[in-house]
Amino acid sequence: MIPPFRPARLLRDPDAQTIFANLWRPRPGPRARVERWELPDGDFLDLLRTTGLPPEAPVAVLCHGLEGSASAPYVRGLARALAARGVASASLNFRTCGGEPNRLPRTYHSGETGDLALVVERLAAERPGRPLLVAGFSLGGNVVVKYLGERGDDLPAEVRGGAAISVPFDLAACSRRLDGPGRLMWLYRERFMRRLRRKAAQKALRHPGTFDAQAVARATTFAEFDELMTAPLHGFASRHDYYARASSAQFLPGVRRPLLCLSAEDDPMVPGETLPAALARSNPAVRLEVTAHGGHTAFVDGSVLRPAFWAERAAAGYLAALAR
């Protein structure tokens, strides 16, 4: 049973929710260690793995959002809520997101599920029979939904299900929203774009000629960045091709393990009309909970002085129940 979300007083506005959660979410997480996994393609992944729980404890693979990391406060918050319920976490740093540039020209994107699949399969082989779960926020939520949907029943038996928070189910619509007018939208967009341009400059030094570095350095919108860098680096014909193939809504019919999706109707980055309510209703494995308020990966309840975070509690309770 997932309790209803009641936004904290003074934080009913979606931008207030989103900004407050970004600035004042508690940062401590459970005790954890960093593991570096070498990959078959010559690159690497860094994971933050919970310590202090029994080795047979269920494990949830957690995926962060755009330009986040395994140490992002929202990831650590979910890891903390899971640990309190006896579930360990393996929080994945997508390539380039662990504080060190990755080795290959490619980076990560909203539809890249291969690395998540590799982590799940390795964890399943590490201790057969141990329950595994997957969860993600925003871009990481899109990855989780796509992963579960495109593989259907072709998953390790250990995978019990997943949860996804503030998923950009329609990437083209979300790109248009973020590239739209308004001071706050510019603030959201530029916060991401500064980091993306900085990483692109590092990538250009390591792998000259793989993309038009000067044009990317001038990019100020997601449409420009995805057309100039995301698409060509990852084998897409254009940004339109990328958005069409990587958007996760189309994969919901293929989901065969229980999946909880938590979204806010007032999400400033994900248009409410793009939430796939009909597709979710048509698949008994999928539960889409849409709240009137909550912003983007925020869902702050409690009070401003004593904030709590509903989505992390709800996802942790759902995942722990699946593990049992």
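The values are calculated or read from the model by the stated rules, or taken from the named source; none is laboratory data. Predicted model only: the values in this text are computed from it and were never measured. Cβ placement follows ideal geometry from the backbone for every residue including glycine, while neighbour counts extend to all protein chains displayed.
Worth a mention:
- Residue check, Glu273 assigned by TED's automatic domain parsing to the domain that holds Asp43, in contact with a strand residue (DSSP E or B) (Cβ under 6 Å, 6 or more places away or on another chain) and under 27 Å from Arg9 (Cα atoms): no
- Selection of region 180-206 for residues being touching a residue at least 40 places away in the same chain (Cβ under 8 Å), surrounded by fewer than 16 Cβ atoms within 10 Å (Cβ to Cβ) and farther than 28 Å from Asp43 by Cα yields only Leu184.
- Between Arg189, Arg177, Arg198, Arg194, the distinction of being in contact with a Pro (Cβ under 7 Å, 6 or more places away or on another chain), in a helix (DSSP H, G or I), modelled with pLDDT of 95 or more and not assigned by TED's automatic domain parsing to the domain that holds Ala21 belongs to Arg177 only.
- Any pair with Cβ under 6 angstrom, 6 or more apart, that starts in region 243-264 at a residue that is assigned by TED's automatic domain parsing to the domain that holds Leu275 and in contact (Cβ under 8 Å) with a residue 12 or more places away in the chain and ends at one that is among the hydroxyl-bearing types (Ser, Thr, Tyr) and part of a helix (DSSP H, G or I): Leu260/Tyr318
- Of the helices (runs of 4 or more DSSP H) lying entirely inside region 207-324, those carrying at least 2 residues that are among the hydroxyl-bearing types (Ser, Thr, Tyr) and surrounded by 22 or more Cβ atoms within 10 Å (Cβ to Cβ) are 239-246.
- From the options Arg12, Arg27, residue that is of a type outside the set (Gly, Ala, Ser) and loosely packed, with under 15 Cβ neighbours inside 10 Å: Arg27
- Residue among Val120, Val145, Val134 that alone is touching a strand residue (DSSP E or B) at 6+ places or on another chain (Cβ under 7 Å) and within 15 Å of Pro168 (Cβ to Cβ): Val145
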